[in-house]
Amino acid sequence: MKIPGFSLIATLLILCAFPVHGEDRGTPPSSFKDRYDVIIAGAGTGGFGAAVQAARLGASVLIVEETDWIGGQMNAAAVTSMDEGGTLVRERGLYHEFVDAVNAHYEALGVSAETAYWGSHICLEPRVGQDILYAMLAKARAKTSALDISLRSKITKVLKRGDTVTGVEVTITTPRGTETRTFQCKTLVDATEWGDVIPLTGARYRVGNCTSDAIDPARHIQDATWTAVIKQYPHGVPAELQIPQPPPGYTDKIAQYFAKTLVPGGAEPIQKKPWTFTTFIGYRAMPNSEQPAPGPVTRTHMNYNNDYPLTVADIEDQAARRASEQAMRLKTLHLLYYVQQTLGHTDWSVANDEGFDSPFNREEIDRWIEEKPELAPYRPILNHFSVMAYARESRRIIGLHTLTAAEIDRKNGAIPTLFPSAVAVADYPIDLHGASQPKWLEPDLDHPEDAPTAFGSHGEGPFPIPFECFIPEKVDGFLAAEKNFSQSRLANGATRLQPSTMLEGQAVGAIAALAIAHGIQPRDLDPVLVQSVLLDDGDTLYAPVIKDISRRGWEWKPVQLVAVHGLLKPEAGRFSPAQPVTDIELSAIEKLFIGQDTPTGPPPTGIPVTGLEFANAIRPALASVAVSVSLTGTPAAPEQPITRLEAAQILAPALELLALAKTTHQPQTLAWPAPREATPITPGDRDPELAKAVHRLVDRHIIESPDYWLTHATEGEKCEGKHVRILLQKAASLLQPGSDPVKAVEVCSTAGILGSIDYWEKTAVEGGKCDGKNVATILRRISQRLAQVRSE
């Protein structure tokens with residue numbers, strides 16, 4: 001076997017590090033060390049991100065995972081449709097690397113991974129996601145002395161010295177039974193799906209709208225879901241996966257509940273409710289490696305109308321949680337019966353090739369059936385359900401800062417709070433499944449008007465998450481790296497998704513490893529050092545999109561860093577790299593470095609500043625902040641105005657060296673850099689994913705030139721309605737040869753390319769204007785759908 005996207009040598013190393021086949025893919029307990037730099041509880045996307053980044057920085061890492069699957073919500077819970085909040089996230093840090101690996105896997109099979117949400121979002125099969133995570137962990141393992149994974153293991157005790165975590169006790173299940181091991185560590189990370197390690201540390205936390213010192217078990221939290229991957233069996237569903245009789249507890253009332261949301265039928269506009277089965281399977285549609293030829297959806301997961309309401313008790317009380325998890329599984333079994341028997345899709349059932357019938361899962365199902373023998377006939381089906389619940393909400397630490405809904409508000413284009421200490425950027429709208437009524441909110445953090453009235457009603461798009469949210473208020477040697485960092489319930493509704501948690505975990509991994517490398521506690525680390533590492537790894541930290549700086553160029557990091565810290569602020573998405581620095585900007589820079597106003601002459605008026613004037617102001621400003629930092633060298637053109645890009649070349653390393661001087665108490669020297677040429681901007685720099693789709697459409701002669709669409713099909717821009725109409729007509733003629741051009745909108749809607757028919761009928765006309773962001777979406781969908789048409 002060769003893993004797509006990796007060289008033969010890399011693949012062999014991966015196979016040696018973490019076996020691809022077999023029941024136990026973790027590290028043998030006999031290989032464990034007694035001490036690790038970082039111990040991570042939970043192998044979900046947050047734990048994965050933390051492990052990879054910490055290992056890349058040389059820290060030894062042990063991941064402790066309760067199940068025998070890695071990937072948490074994304075893989076083990078089978079929520080494999082990536083909730084991205086826009087495609088910009090695909091260009092950030094570790095998630096960018098992950099998406100590249102996903103695309104490489106499916107492109108090798110001749111299909112696209114952009115299948116979910118009717119062909120607009122990345123999706124993957126859980127087993128493929130798990131293989132990719134193991135491969136990426138194995139590559140990171142080469143950077144450190146140890147990156148071990150202890151599967152079927154649980155942290156049962158946290159060891160402390162005062163308020164500092166020093167180690168853990170772990171119960172490990174093996175084929176020979178259970179054993180308890182003690183491990184020392186410098187930093188412990190809770191990346192579990194429910195925040196289960198937080199109480200063991202003694203850190204204060206929030207749960208629902210309670211705090212840990214005043215818990216009310218009856219308070220509501222977000223609904224959870226037990227998903228199941230289902231697929232079409234072209235040669236008939238195996239007998240053991242058929243459900244001819246109603247499962248236990250199935251009643252007419254349950255059937256009526258499902259009928260309100262899901263009915264028989266073919267393709268219909270997605271706005272039409274209730275959904276037809278065709279719309280339903282397109283919602284979470286997966287690529288199908290078993291049937292790689294593009295075409296109709298043949299694999300998806302059930303995660304739509306099987307949510308289950310929960311309370312705080314389901315987090316705090318293990319018995320209550322177990323009972324609710326069983327009820328979730330049963331609800332999904334009922335839904336599968338409804339699909340097979342009421343909707344008549346007897347050729348669909350739970351997928352038997354994902355590997356969910358693992359030892360951990362089989363034991364869980366066996367234990368349940370011992371309690372409920374009437375479920376025994378459904379054992380083969382239940383064994384193939386996902387191995388954990390899709391938990392949307394968990395405990396959340398009370399940290400140095402608590403992120404709130406108001407700070408991430410993007411309603412009507414509002415700019416979220418731009419934190420200078422930002423270490424991660426998320427994109428998703430605030431999305432709470434249940435428990436969003438005012439009485440379930442946290443009045444000290446959020447207000448009723450902060451809650452969304454509909455999906456996306458408070459906007460979407462990038463917003464930053466500051467360093468301080470990951471640091472507990474008092475406990476040292478401990479960090480949170482999943483849905484459990486310091487945030488309100490409403491803010492959690494926008495940060496809990498797989499791409500977000502992967503990048504949040506990456507930030508925590510950098511925090512942990514850098515604090516260990518410098519011999520300090522995470523709270524004493526300067527966030528600039530974390531930002532520098534993340535930007536080196538291709539991350540984005542300034543939330544508003546900067547449109548006039550190339551992501552591919554050397555200037556990405558310095559511009560991001562100075563923008564985050566407000567030293568040179570972009571305006572309307574433009575950094576204006578060739579514009580001169582003004583005396584107003586220089587005065588603000590001095591103030592930000594020194595922390596106070598420095599009136600040394602006449603008030604600034606907005607005139608350009610020369611290189612020499614800039615140098616003469618910056619030298620004493622830096623010296624006054626950290627005497628051990630000095631500058632040497634002189635500007636290349638001292639009498640010429642200094643550009644904003646030239647200034648960024650100086651200010652960004654100055655920020656890094658100041659942070660290093662504060663951390664190490666060692667003198668640092670900044671040599672004045674020579675000016676560099678800016679990297680040319682291409683239209684595709686704005687949205688590389690869109691650029692790929694547009695170039696595919698050029699190849700198919702749907703559009704003539706990419707430049708118009710890459711310039712106008714973007715947020716904040718408009719596309720001419722007549723051009724969009726021609727685009728839709730050409731797409732419709734390929735999707736349905738011989739179709740009437742007048743019905744192009746209808747044809748494209750039926751194919752899942754368009755949402756609202758009314759919107760496009762009104763705007764995609766002569767003299768009309770179509771929103772650029774909406775056009776970008778349909779360009780990607782047309783590209784995806786035509787790729788399928790070519791192979792059908």
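The values are calculated or read from the model by the stated rules, or taken from the named source; none is laboratory data. Every value quoted in this text rests on a predicted model; they were computed, and no experiment measured them. Don't worry about glycine lacking a Cβ; one is built from the backbone with ideal geometry, like all the others, and counts go over all protein chains shown. Areas reflect the complete protein model, heavy atoms only, side chains present, ligands, DNA and RNA absent. Shrake-Rupley method; radii C 1.70, N 1.55, O 1.52, S 1.80 Å.
Looking at K411, is it surrounded by fewer than 16 Cβ atoms within 10 Å (Cβ to Cβ) and in contact with a helix residue (DSSP H, G or I) (Cβ under 9 Å, 6 or more places away or on another chain)?
The answer is no for K411.
Which condition from (1) in a helix (DSSP H, G or I); (2) of a type in the set (A, V, I, L, M); (3) touching a residue at least 24 places away in the same chain (Cβ under 8 Å) is the one that V747 breaks?
(3)
Of all the helices (runs of 4 or more DSSP H) wholly in the stretch 619-738, which have at least 2 residues that are within 22 Å of E766 (Cα to Cα), among the charged types (D, E, K, R) and open to solvent by 20 Å² or more (accessible area, probe 1.4 Å)?
Because the criterion is at least 2 residues that are within 22 Å of E766 (Cα to Cα), among the charged types (D, E, K, R) and open to solvent by 20 Å² or more (accessible area, probe 1.4 Å), the helices (runs of 4 or more DSSP H) in the stretch 619-738 that meet it are 721-735.
Looking at (1) closer than 30 Å to A491 by Cα; (2) part of a strand (DSSP E or B), find the lone condition where T192 falls short.
Result: T192 passes all but (2).
Taking the stretch 168-223, which residues are under 21 Å from H433 (Cβ atoms) and among the aliphatic types (A, V, I, L, M)?
Of everything in the stretch 168-223, those that are under 21 Å from H433 (Cβ atoms) and among the aliphatic types (A, V, I, L, M) turn out to be V207, A218, I221.
Can you spot a residue in the stretch 95-112 that is of a type in the set (D, E, K, R), within 16 Å of the chain's Cα centre (by Cα) and farther than 21 Å from E482 by Cβ?
Taking every residue of the stretch 95-112 in turn, at least one turns out to be of a type in the set (D, E, K, R), within 16 Å of the chain's Cα centre (by Cα) and farther than 21 Å from E482 by Cβ.
Where residues in the stretch 247-270 are touching a Phe, Trp or Tyr at 6+ places or on another chain (Cβ under 7 Å) and crowded, with 16+ Cβ neighbours inside 10 Å, which of them is modelled with the lowest pLDDT?
In this case the residue turns out to be I270.
Considering every residue within the stretch 719-739, establish whether at least one is touching a residue at least 60 places away in the same chain (Cβ under 8 Å) and small (G, A, S).
no
Output the helices (runs of 4 or more DSSP H) that fall wholly within the stretch 448-545 and possess 1 or more residues being open to solvent by 10 Å² or more (accessible area, probe 1.4 Å), or say none.
498-517, 527-536
Could you grab the pairs with beta carbons closer than 9 Å, sequence gap of 6+ or different chains, first residue in the stretch 240-252 and closer than 15 Å to Q326 by Cβ, second one assigned to a loop (DSSP other than H, G, I, E, B)?
Close Cβ pairs satisfying both conditions: P248/K372.
Please give the number of the condition G461 fails out of (1) modelled with pLDDT of 95 or more; (2) within 27 Å of A435 (Cβ to Cβ); (3) within 14 Å of the chain's Cα centre (by Cα).
(1)
A quick yes/no check of all residues on (1) at pLDDT 85 or above; (2) farther than 25 Å from E107 by Cα:
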position: R696; (1), (2): no, no
position: R700; (1), (2): no, no
position: I703; (1), (2): yes, no
position: T714; (1), (2): no, yes
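Filter the stretch 104-134 for residues that are touching a helix residue (DSSP H, G or I) at 6+ places or on another chain (Cβ under 6 Å) and either of a type in the set (S, T, Y) or in a loop (DSSP other than H, G, I, E, B) (or both); which is most open to solvent (accessible area, probe 1.4 Å)?
Across the stretch 104-134, the extreme among qualifying residues is S112.
Kindly list the number of the only condition in (1) open to solvent by less than 10 Å² (accessible area, probe 1.4 Å); (2) at positive phi that fails for G58.
Failed condition: (1).
Within the stretch 383-402, identify whether any single residue is assigned to a helix (DSSP H, G or I) and modelled with pLDDT of 95 or more, and answer yes or no.
No, the stretch 383-402 has no match at all.
Being assigned to a strand (DSSP E or B), touching a residue at least 24 places away in the same chain (Cβ under 8 Å) and open to solvent by 10 Å² or more (accessible area, probe 1.4 Å) is the requirement here; does D68 meet it?
Considered against the rule, which asks whether it is assigned to a strand (DSSP E or B), touching a residue at least 24 places away in the same chain (Cβ under 8 Å) and open to solvent by 10 Å² or more (accessible area, probe 1.4 Å), D68 comes out as no.
Quick one: R367 ticks every box in (1) part of a loop (DSSP other than H, G, I, E, B); (2) open to solvent by 20 Å² or more (accessible area, probe 1.4 Å); (3) under 13 Å from E325 (Cβ atoms) except a single one, so which number is it?
Condition not satisfied by R367: (1).
When the stretch 327-359 is examined, which residues are found to be out of contact with any Phe, Trp or Tyr (no Cβ under 6 Å at 6 or more places or on another chain), among the acidic types (D, E) and surrounded by fewer than 21 Cβ atoms within 10 Å (Cβ to Cβ)?
Answer for the stretch 327-359, where residues must be out of contact with any Phe, Trp or Tyr (no Cβ under 6 Å at 6 or more places or on another chain), among the acidic types (D, E) and surrounded by fewer than 21 Cβ atoms within 10 Å (Cβ to Cβ): D353, D357.
May I ask you to list the residues in the stretch 93-148 that are of a type in the set (D, E, K, R) and closer than 25 Å to A517 by Cβ?
Listed by number, the residues that qualify are E97, K139, R141, K143, D148.
Residues of the stretch 17-46 being among the β-branched types (V, I, T), modelled with pLDDT of 65 or more and part of a loop (DSSP other than H, G, I, E, B), which ones?
If the condition is that a residue be among the β-branched types (V, I, T), modelled with pLDDT of 65 or more and part of a loop (DSSP other than H, G, I, E, B), then T27 is the only one that fits.
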